[in-house]
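Notes follow the structure.
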Amino acid sequence: MDQTNGTNGIKVATTETQAETGALHKVIIIGSGPAGLTAALYAARAELRPLVIAGITPGGQLMMTTEVENFPGFIQGIMGPDLMNNMIKQVERFGAKILYEIVSAVNFAARPLVVKTESGEYSAQSVILAMGAEANWLGLPGEQRLRGKGVSACATCDGFFFKGKEVAVIGGGDSAMEEANFLTKYANKVTIIHRRGEFKASKIMLERAQANPKIAFVLNSEVADVLGENKVEGLRLKNTASGDVSEMKIDGLFLAIGHHPNTGLLKGQVELDERGYVKVLNNTRTSAEGVFVAGDIGDPRYRQAVTAAGMGCMAALDVEKFLTEK
Ligand code: NDP
(Lines give C-alpha, C1' and ligand atoms only; values in the text may rest on other atoms or scores of the structure.)
Protein backbone atom coordinates (compact mmCIF):
# COMPACT_ATOMS: atom_id res chain seq x y z
CA MET A 1 0.00 0.00 0.00
CA ASP A 2 1.27 3.41 -0.91
CA GLN A 3 0.67 6.71 0.75
CA THR A 4 1.73 10.14 -0.41
CA ASN A 5 4.04 12.18 1.74
CA GLY A 6 2.38 15.58 2.11
CA THR A 7 5.50 17.70 1.88
CA ASN A 8 6.69 16.95 -1.61
CA GLY A 9 4.37 14.42 -3.18
CA ILE A 10 6.87 11.55 -3.07
CA LYS A 11 5.16 8.17 -2.97
CA VAL A 12 5.92 6.48 0.29
CA ALA A 13 5.31 2.86 1.13
CA THR A 14 3.88 2.17 4.57
CA THR A 15 5.93 1.07 7.53
CA GLU A 16 4.86 -2.58 7.34
CA THR A 17 6.34 -3.04 3.88
CA GLN A 18 9.41 -0.93 4.45
CA ALA A 19 11.28 -1.90 7.56
CA GLU A 20 11.31 -4.86 9.83
CA THR A 21 11.48 -3.95 13.49
CA GLY A 22 12.59 -7.48 14.47
CA ALA A 23 15.31 -7.77 11.82
CA LEU A 24 18.98 -7.06 12.28
CA HIS A 25 19.87 -4.46 9.68
CA LYS A 26 23.41 -4.30 8.35
CA VAL A 27 23.23 -0.52 8.25
CA ILE A 28 20.71 2.10 9.27
CA ILE A 29 21.18 5.58 7.82
CA ILE A 30 19.59 8.42 9.76
CA GLY A 31 18.89 11.41 7.53
CA SER A 32 17.89 11.90 3.90
CA GLY A 33 19.84 14.88 2.58
CA PRO A 34 22.65 14.42 0.02
CA ALA A 35 24.86 12.74 2.66
CA GLY A 36 22.31 10.15 3.78
CA LEU A 37 21.03 9.38 0.31
CA THR A 38 24.51 9.02 -1.22
CA ALA A 39 25.43 6.71 1.66
CA ALA A 40 22.24 4.77 0.90
CA LEU A 41 23.08 4.56 -2.80
CA TYR A 42 26.52 3.07 -2.14
CA ALA A 43 25.28 0.79 0.64
CA ALA A 44 22.39 -0.47 -1.50
CA ARG A 45 24.65 -1.16 -4.47
CA ALA A 46 26.98 -3.03 -2.09
CA GLU A 47 23.94 -5.18 -1.20
CA LEU A 48 23.88 -4.05 2.42
CA ARG A 49 20.08 -3.46 2.15
CA PRO A 50 20.24 -0.14 4.03
CA LEU A 51 17.30 1.19 6.00
CA VAL A 52 17.11 4.99 5.64
CA ILE A 53 15.16 6.75 8.37
CA ALA A 54 14.35 9.87 6.44
CA GLY A 55 12.40 12.09 8.82
CA ILE A 56 8.95 13.33 7.88
CA THR A 57 10.23 16.02 5.51
CA PRO A 58 12.83 14.08 3.53
CA GLY A 59 15.51 15.72 1.43
CA GLY A 60 17.28 17.97 3.91
CA GLN A 61 18.21 21.60 3.42
CA LEU A 62 18.00 21.47 -0.39
CA MET A 63 14.22 21.11 -0.13
CA MET A 64 14.23 24.77 0.97
CA THR A 65 16.26 26.09 -1.95
CA THR A 66 15.26 26.97 -5.46
CA GLU A 67 17.84 26.47 -8.19
CA VAL A 68 21.03 24.54 -7.45
CA GLU A 69 23.74 25.45 -9.94
CA ASN A 70 26.79 24.02 -8.19
CA PHE A 71 25.93 20.33 -8.09
CA PRO A 72 28.01 18.75 -10.87
CA GLY A 73 26.26 17.22 -13.83
CA PHE A 74 23.36 19.64 -14.31
CA ILE A 75 24.33 22.03 -17.08
CA GLN A 76 21.36 24.35 -16.56
CA GLY A 77 21.16 23.72 -12.78
CA ILE A 78 18.36 21.85 -11.07
CA MET A 79 15.72 22.80 -8.53
CA GLY A 80 16.72 21.66 -5.01
CA PRO A 81 13.56 19.57 -4.43
CA ASP A 82 13.92 17.92 -7.88
CA LEU A 83 17.51 16.95 -7.11
CA MET A 84 16.47 15.38 -3.82
CA ASN A 85 13.46 13.58 -5.30
CA ASN A 86 15.76 12.14 -7.97
CA MET A 87 18.18 10.95 -5.28
CA ILE A 88 15.31 9.25 -3.41
CA LYS A 89 14.11 7.47 -6.55
CA GLN A 90 17.69 6.48 -7.38
CA VAL A 91 18.29 4.80 -3.99
CA GLU A 92 14.89 3.10 -4.12
CA ARG A 93 15.83 1.67 -7.51
CA PHE A 94 18.70 -0.16 -5.83
CA GLY A 95 16.50 -1.50 -3.04
CA ALA A 96 17.19 0.88 -0.14
CA LYS A 97 14.24 0.93 2.25
CA ILE A 98 13.06 4.37 3.30
CA LEU A 99 11.09 4.95 6.46
CA TYR A 100 9.46 8.38 6.71
CA GLU A 101 9.64 8.78 10.45
CA ILE A 102 11.60 10.72 13.03
CA VAL A 103 14.17 8.99 15.20
CA SER A 104 13.27 9.54 18.84
CA ALA A 105 16.24 7.86 20.55
CA VAL A 106 19.38 5.84 19.86
CA ASN A 107 21.42 3.47 21.99
CA PHE A 108 24.95 3.07 20.71
CA ALA A 109 26.19 1.33 23.87
CA ALA A 110 23.93 -1.64 23.05
CA ARG A 111 24.97 -4.48 20.70
CA PRO A 112 23.42 -4.56 18.16
CA LEU A 113 22.98 -0.78 17.93
CA VAL A 114 19.44 0.44 18.57
CA VAL A 115 17.51 3.17 16.74
CA LYS A 116 13.98 4.01 17.95
CA THR A 117 11.17 5.72 16.08
CA GLU A 118 7.49 6.09 16.91
CA SER A 119 6.72 2.85 15.05
CA GLY A 120 9.26 0.72 16.85
CA GLU A 121 12.82 -0.20 17.59
CA TYR A 122 15.32 -1.07 14.87
CA SER A 123 18.56 -3.02 15.37
CA ALA A 124 21.67 -2.63 13.27
CA GLN A 125 25.27 -3.68 13.04
CA SER A 126 26.20 -0.18 11.93
CA VAL A 127 24.65 3.30 11.74
CA ILE A 128 25.48 6.31 9.57
CA LEU A 129 24.55 9.65 11.14
CA ALA A 130 23.50 12.10 8.41
CA MET A 131 20.97 14.37 10.09
CA GLY A 132 22.62 17.55 8.87
CA ALA A 133 22.70 21.03 10.31
CA GLU A 134 20.36 23.94 10.05
CA ALA A 135 21.05 27.59 9.56
CA ASN A 136 19.79 29.82 12.32
CA TRP A 137 17.01 32.15 11.22
CA LEU A 138 15.67 35.31 12.78
CA GLY A 139 12.14 33.93 12.93
CA LEU A 140 10.44 36.89 11.24
CA PRO A 141 7.25 36.36 9.20
CA GLY A 142 8.66 38.12 6.10
CA GLU A 143 11.86 36.09 6.32
CA GLN A 144 9.95 32.79 6.28
CA ARG A 145 7.65 33.91 3.46
CA LEU A 146 10.52 35.02 1.22
CA ARG A 147 12.91 32.12 1.79
CA GLY A 148 14.16 31.11 -1.65
CA LYS A 149 12.72 34.38 -3.06
CA GLY A 150 15.59 36.61 -2.05
CA VAL A 151 16.16 35.37 1.50
CA SER A 152 18.98 32.85 1.82
CA ALA A 153 21.38 31.47 4.39
CA CYS A 154 24.01 30.41 1.86
CA ALA A 155 25.94 32.96 -0.18
CA THR A 156 27.91 30.24 -1.99
CA CYS A 157 24.63 28.70 -3.16
CA ASP A 158 22.63 31.81 -4.04
CA GLY A 159 25.07 34.73 -4.45
CA PHE A 160 25.18 34.26 -8.21
CA PHE A 161 21.52 35.32 -8.52
CA PHE A 162 22.35 38.82 -7.27
CA LYS A 163 24.59 40.06 -10.07
CA GLY A 164 24.50 43.86 -10.13
CA LYS A 165 22.05 43.99 -7.17
CA GLU A 166 22.16 45.31 -3.60
CA VAL A 167 22.07 42.82 -0.75
CA ALA A 168 22.35 42.78 3.03
CA VAL A 169 24.15 40.27 5.25
CA ILE A 170 23.00 39.87 8.85
CA GLY A 171 25.56 38.96 11.52
CA GLY A 172 28.83 40.07 13.01
CA GLY A 173 30.85 36.85 12.98
CA ASP A 174 33.36 35.33 10.56
CA SER A 175 30.57 33.89 8.41
CA ALA A 176 29.04 37.33 7.89
CA MET A 177 32.43 38.78 6.83
CA GLU A 178 33.20 35.85 4.55
CA GLU A 179 29.74 35.79 2.95
CA ALA A 180 29.80 39.57 2.43
CA ASN A 181 33.20 39.42 0.74
CA PHE A 182 32.04 36.54 -1.44
CA LEU A 183 28.86 38.39 -2.41
CA THR A 184 30.83 41.39 -3.69
CA LYS A 185 31.85 39.18 -6.64
CA TYR A 186 28.27 39.56 -7.85
CA ALA A 187 26.43 42.33 -6.00
CA ASN A 188 27.10 46.03 -6.53
CA LYS A 189 26.73 46.75 -2.85
CA VAL A 190 26.68 44.57 0.26
CA THR A 191 25.58 45.99 3.61
CA ILE A 192 26.54 44.10 6.76
CA ILE A 193 23.90 44.69 9.42
CA HIS A 194 24.92 43.80 12.97
CA ARG A 195 22.96 44.08 16.20
CA ARG A 196 25.90 45.39 18.24
CA GLY A 197 28.69 47.93 17.81
CA GLU A 198 31.42 45.30 18.42
CA PHE A 199 32.12 42.34 16.17
CA LYS A 200 32.50 38.66 17.02
CA ALA A 201 34.50 38.18 13.80
CA SER A 202 38.26 37.69 13.89
CA LYS A 203 40.34 40.82 13.27
CA ILE A 204 41.66 39.62 9.94
CA MET A 205 38.21 38.76 8.56
CA LEU A 206 36.74 42.04 9.79
CA GLU A 207 39.59 44.08 8.30
CA ARG A 208 39.20 42.32 4.98
CA ALA A 209 35.51 43.26 4.89
CA GLN A 210 36.23 46.83 6.01
CA ALA A 211 38.80 47.21 3.23
CA ASN A 212 36.33 46.09 0.56
CA PRO A 213 34.90 49.21 -1.13
CA LYS A 214 31.66 47.42 -2.02
CA ILE A 215 30.88 46.63 1.65
CA ALA A 216 29.04 49.06 3.95
CA PHE A 217 28.21 48.56 7.65
CA VAL A 218 25.06 49.34 9.62
CA LEU A 219 25.69 48.71 13.32
CA ASN A 220 23.51 48.55 16.42
CA SER A 221 20.61 47.51 14.24
CA GLU A 222 18.20 44.61 14.23
CA VAL A 223 16.00 43.49 11.37
CA ALA A 224 12.38 44.08 12.43
CA ASP A 225 10.94 42.66 9.19
CA VAL A 226 11.69 41.74 5.61
CA LEU A 227 9.63 43.70 3.10
CA GLY A 228 8.18 42.52 -0.19
CA GLU A 229 5.33 40.26 -1.27
CA ASN A 230 6.81 37.84 -3.79
CA LYS A 231 10.44 38.93 -3.64
CA VAL A 232 12.65 40.81 -1.23
CA GLU A 233 12.32 44.56 -1.68
CA GLY A 234 13.68 45.93 1.56
CA LEU A 235 14.19 45.68 5.31
CA ARG A 236 12.65 47.39 8.31
CA LEU A 237 15.46 48.09 10.77
CA LYS A 238 15.34 49.01 14.41
CA ASN A 239 18.24 50.82 16.02
CA THR A 240 19.10 48.90 19.20
CA ALA A 241 20.41 52.03 20.93
CA SER A 242 17.78 54.66 20.05
CA GLY A 243 14.82 52.43 19.15
CA ASP A 244 14.42 54.38 15.88
CA VAL A 245 12.84 52.43 13.03
CA SER A 246 13.95 52.93 9.42
CA GLU A 247 13.56 51.21 6.05
CA MET A 248 16.28 50.16 3.64
CA LYS A 249 15.87 49.06 0.01
CA ILE A 250 17.63 45.79 -0.90
CA ASP A 251 17.17 42.96 -3.40
CA GLY A 252 18.47 40.10 -1.30
CA LEU A 253 19.00 39.14 2.33
CA PHE A 254 21.63 36.69 3.56
CA LEU A 255 21.50 35.36 7.11
CA ALA A 256 24.88 34.61 8.68
CA ILE A 257 23.90 34.21 12.31
CA GLY A 258 25.32 30.73 12.81
CA HIS A 259 24.23 27.13 12.23
CA HIS A 260 23.26 24.37 14.61
CA PRO A 261 23.89 20.67 13.98
CA ASN A 262 20.98 18.27 14.53
CA THR A 263 22.73 16.37 17.29
CA GLY A 264 20.10 16.62 20.04
CA LEU A 265 19.62 12.84 19.97
CA LEU A 266 23.28 12.09 20.27
CA LYS A 267 24.29 13.55 23.62
CA GLY A 268 26.03 10.85 25.63
CA GLN A 269 26.00 8.51 22.59
CA VAL A 270 28.92 9.81 20.50
CA GLU A 271 31.54 12.45 21.19
CA LEU A 272 30.55 15.93 20.04
CA ASP A 273 32.91 18.89 19.64
CA GLU A 274 32.60 22.13 21.62
CA ARG A 275 30.08 23.48 19.09
CA GLY A 276 27.92 20.36 19.19
CA TYR A 277 29.04 18.80 15.86
CA VAL A 278 29.79 15.06 15.74
CA LYS A 279 33.54 14.52 16.16
CA VAL A 280 34.93 12.78 13.09
CA LEU A 281 37.73 10.64 14.47
CA ASN A 282 39.16 8.47 11.72
CA ASN A 283 37.90 8.80 8.16
CA THR A 284 34.15 8.81 8.90
CA ARG A 285 34.24 6.92 12.21
CA THR A 286 32.82 8.37 15.41
CA SER A 287 33.69 7.57 19.02
CA ALA A 288 31.04 4.78 19.06
CA GLU A 289 32.04 1.52 17.40
CA GLY A 290 30.00 0.86 14.27
CA VAL A 291 28.67 4.43 14.12
CA PHE A 292 29.79 6.58 11.19
CA VAL A 293 29.08 10.17 10.19
CA ALA A 294 28.43 11.99 6.92
CA GLY A 295 27.62 15.54 5.90
CA ASP A 296 26.96 18.76 7.76
CA ILE A 297 26.31 17.11 11.12
CA GLY A 298 30.06 16.46 11.29
CA ASP A 299 31.25 19.27 9.05
CA PRO A 300 30.90 22.88 10.17
CA ARG A 301 33.45 23.97 7.56
CA TYR A 302 32.35 23.16 3.98
CA ARG A 303 28.58 22.60 4.33
CA GLN A 304 27.97 21.98 0.62
CA ALA A 305 25.63 19.44 -0.98
CA VAL A 306 28.48 17.99 -2.98
CA THR A 307 30.82 17.64 0.02
CA ALA A 308 27.98 16.06 2.02
CA ALA A 309 27.34 13.61 -0.81
CA GLY A 310 31.08 12.84 -0.98
CA MET A 311 31.17 12.14 2.73
CA GLY A 312 28.08 9.94 2.40
CA CYS A 313 29.96 7.83 -0.12
CA MET A 314 32.97 7.64 2.22
CA ALA A 315 30.79 6.58 5.17
CA ALA A 316 29.14 3.79 3.17
CA LEU A 317 32.55 2.50 2.02
CA ASP A 318 33.80 2.64 5.62
CA VAL A 319 30.71 0.71 6.78
CA GLU A 320 31.31 -1.94 4.12
CA LYS A 321 34.89 -2.37 5.32
CA PHE A 322 33.80 -2.42 8.97
CA LEU A 323 31.22 -5.14 8.31
CA THR A 324 33.68 -7.22 6.28
CA GLU A 325 36.30 -6.97 9.04
CA LYS A 326 33.67 -7.99 11.61
P1 NDP B 1 29.14 33.11 15.13
O2 NDP B 1 28.38 32.44 16.21
O3 NDP B 1 30.60 33.30 15.29
O4 NDP B 1 28.53 34.56 14.86
C5 NDP B 1 27.16 34.73 14.73
C6 NDP B 1 26.88 36.21 14.59
O7 NDP B 1 25.50 36.35 14.37
C8 NDP B 1 27.23 37.03 15.83
O9 NDP B 1 27.80 38.25 15.47
C10 NDP B 1 25.89 37.23 16.51
O11 NDP B 1 25.76 38.47 17.16
C12 NDP B 1 24.95 37.25 15.33
N13 NDP B 1 23.64 36.77 15.72
C14 NDP B 1 23.33 35.59 16.31
N15 NDP B 1 22.00 35.51 16.51
C16 NDP B 1 21.47 36.66 16.03
C17 NDP B 1 20.17 37.16 15.95
N18 NDP B 1 19.11 36.46 16.38
N19 NDP B 1 19.99 38.39 15.40
C20 NDP B 1 21.03 39.09 14.93
N21 NDP B 1 22.30 38.67 14.98
C22 NDP B 1 22.51 37.47 15.52
O23 NDP B 1 28.77 32.28 13.82
P24 NDP B 1 29.54 32.22 12.42
O25 NDP B 1 28.69 31.39 11.54
O26 NDP B 1 29.92 33.56 11.97
O27 NDP B 1 30.87 31.41 12.76
C28 NDP B 1 30.79 30.11 13.31
C29 NDP B 1 32.21 29.59 13.49
O30 NDP B 1 32.78 29.30 12.23
C31 NDP B 1 33.13 30.58 14.19
O32 NDP B 1 33.98 29.85 15.03
C33 NDP B 1 33.90 31.19 13.07
O34 NDP B 1 35.17 31.65 13.45
C35 NDP B 1 34.00 30.01 12.10
N36 NDP B 1 34.14 30.49 10.73
C37 NDP B 1 35.40 30.63 10.23
C38 NDP B 1 35.59 31.09 8.96
C39 NDP B 1 36.96 31.21 8.44
O40 NDP B 1 37.90 31.14 9.23
N41 NDP B 1 37.15 31.36 7.16
C42 NDP B 1 34.47 31.47 8.08
C43 NDP B 1 33.19 31.32 8.73
C44 NDP B 1 33.05 30.86 10.00
P45 NDP B 1 26.57 38.79 18.52
O46 NDP B 1 27.96 39.06 18.09
O47 NDP B 1 25.84 39.99 19.04
O48 NDP B 1 26.41 37.57 19.38
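The values are calculated or read from the model by the stated rules, or taken from the named source; none is laboratory data. Every value quoted in this text rests on a predicted model; they were computed, and no experiment measured them. Cβ: placed from backbone, ideal geometry, glycine included. Neighbour counts: every protein chain shown. Only protein heavy atoms, including side chains, enter the accessible area calculation; ligands, DNA and RNA are left aside. Shrake-Rupley method; radii C 1.70, N 1.55, O 1.52, S 1.80 Å.
From the list 268, 258, exactly one residue is of a type in the set (Gly, Ala, Ser), surrounded by fewer than 24 Cβ atoms within 10 Å (Cβ to Cβ) and touching a strand residue (DSSP E or B) at 6+ places or on another chain (Cβ under 9 Å). Which is it?
So the residue among 268, 258 that is of a type in the set (Gly, Ala, Ser), surrounded by fewer than 24 Cβ atoms within 10 Å (Cβ to Cβ) and touching a strand residue (DSSP E or B) at 6+ places or on another chain (Cβ under 9 Å) is 258.
Looking at the stretch 149-177, which of the residues that are open to solvent by 30 Å² or more (accessible area, probe 1.4 Å) and of a type in the set (Gly, Ala, Ser) is modelled with the lowest pLDDT?
Among them, the one singled out is 175.
Among the residues of the stretch 21-43, which ones are among the small types (Gly, Ala, Ser) and buried (at least 24 other Cβ atoms within 10 Å of the Cβ)?
Scanning the stretch 21-43 gives 31, 32, 33, 35, 36, 39, 40, 43.
Could you please let me know if residue 80 is under 28 Å from residue 152 (Cα atoms), modelled with pLDDT under 95 and not hydroxyl-bearing (Ser, Thr, Tyr)?
Considered against the rule, which asks whether it is under 28 Å from residue 152 (Cα atoms), modelled with pLDDT under 95 and not hydroxyl-bearing (Ser, Thr, Tyr), residue 80 comes out as yes.
What are the pairs with Cβ atoms under 8 angstrom where one residue, in the stretch 204-222, is within 14 Å of residue 179 (Cα to Cα) and assigned to a helix (DSSP H, G or I) and the other, located anywhere, is open to solvent by 40 Å² or more (accessible area, probe 1.4 Å) and of a type in the set (D, E, K, R)? Sequence gap at least six, or different chains.
Pairs found: 205/174; 205/178.
Of the residues 296, 244, which single one is among the acidic types (Asp, Glu), within 30 Å of residue 82 (Cβ to Cβ) and modelled with pLDDT of 95 or more?
Of 296, 244, the one residue that is among the acidic types (Asp, Glu), within 30 Å of residue 82 (Cβ to Cβ) and modelled with pLDDT of 95 or more is 296.
Pull up the stretch 178-198, narrow it to residues that are within 12 Å of the ligand (Cβ to nearest atom) and closer than 23 Å to residue 140 by Cα, then point me to the one that is most open to solvent (accessible area, probe 1.4 Å).
It comes out as 195.
Where in the stretch 242-282 are there strands (runs of 3 or more DSSP E), lying fully within it, with 2 or more residues that are out of contact with any Pro (no Cβ under 8 Å at 6 or more places or on another chain) and within 12 Å of the ligand (Cβ to nearest atom)?
Fully inside the stretch 242-282 and qualifying: 252-255.
Looking only at the stretch 73-90, count every residue that is out of contact with any Leu (no Cβ under 8 Å at 6 or more places or on another chain), in a loop (DSSP other than H, G, I, E, B) and more than 21 Å from residue 45 (Cα to Cα) and tell me the total.
So the answer is 3.
Take the stretch 135-148 and flag every residue that is more than 15 Å from residue 233 (Cβ to Cβ), open to solvent by 20 Å² or more (accessible area, probe 1.4 Å) and hydrophobic (A, V, I, L, M, F, W, C).
Within the stretch 135-148, 137, 138 qualify.
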